[in-house]
1. If contacts are Cα pairs under 8 angstrom and at least 6 residues apart, what is the relative contact order of the chain in percent?
2. For the range 10-146, what does the alpha-carbon gyration tensor say about shape, rounded, prolate or oblate, given a ≥ b ≥ c as the root eigenvalues, a/c under 1.5 as rounded, and a/b over b/c as prolate?
3. Counting other Cβ atoms within 10 Å of each Cβ, which chymotrypsin sites (Phe, Trp or Tyr not before Pro) in the range 44-112 have at most 12 and sit in a DSSP loop?
4. Quick one: Cα centre-to-centre distance for the range 91-115 and the range 40-79, in angstrom?
5. How much length is gained if the chain between residue 77 and residue 109 is pulled fully straight, taking 0.36 nm per residue apart and subtracting their Cα-Cα distance, in nm to one decimal?
6. Of 44/131; 44/124; 44/86; 44/113, which pairs sit farther than 32 Å apart, going by alpha carbon to alpha carbon?
7. Per DSSP helix of 4 or more residues, -39500 (n - 2.57); summed, then divided by the residues of the chain. What does that give at 222 nm, rounded to the nearest 500?
8. When Lys and Arg each count +1 and Asp and Glu each count -1, what net charge do the other residues less than 10 Å away from residue 142, Cβ to Cβ, add up to?
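Coordinate-derived values only; no laboratory data. None of these values were measured; they are calculated from a predicted model. With ideal geometry, Cβ positions are generated from the backbone for all residues, glycine too; neighbour counts draw on all protein chains shown.
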Amino acid sequence: MEDNKIEVQSTQFIVVNIGIEQFGIDIKYVDNIVRMQKMTRVPKAPKFFRGVINLRGEIVPIMSIRRKFELEDDTFTDKTRIIILKPDQQEPIGIIVDQVKEVLSLDSENIEKVQTDLNDEKSKYINAVGKYNDSLISILNINGVIDV
């Protein structure tokens, strides 16, 4: 008897909340998750850069996803986290999220690619939507999000 099963790829995502929306970040980009800490402002930086932090001797720029997505400004709580990302061939960068929910695996059959509109700035931030139980999770295009 032959086994004709198709190989289903599974990818792990860290699910975070930004406002009421859930976003998934491919775990391969995540270097660290740290609590909110004091940031040093950088003069003349773009509005969505909140400043820099010193993470174990390394200076890491911190970006506000809320400001980048043009949402209401950050409100820091005890659930607020900074996710340190290490994108392809780039220096680490931190993004502020309201809350880290969970790590989950999504099979390729539960991830649907999203069409990108080159004229719409915001469409480059999301590259897919994941279906998990009864909820939808917008999968962040990390390189699009951190592109200055």
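1. RCO, the chain: 26 percent.
2. Here the range 10-146 falls in the prolate category.
3. 76
4. For the range 91-115 versus the range 40-79, the Cα centre distance is 19 Å.
5. Here the answer is 8.0 nm.
6. Where the Cα-Cα span goes over 32 Å, the pairs concerned are 44/131; 44/113.
7. -1000 deg cm²/dmol
8. Net local charge, residue 142 excluded: -1.
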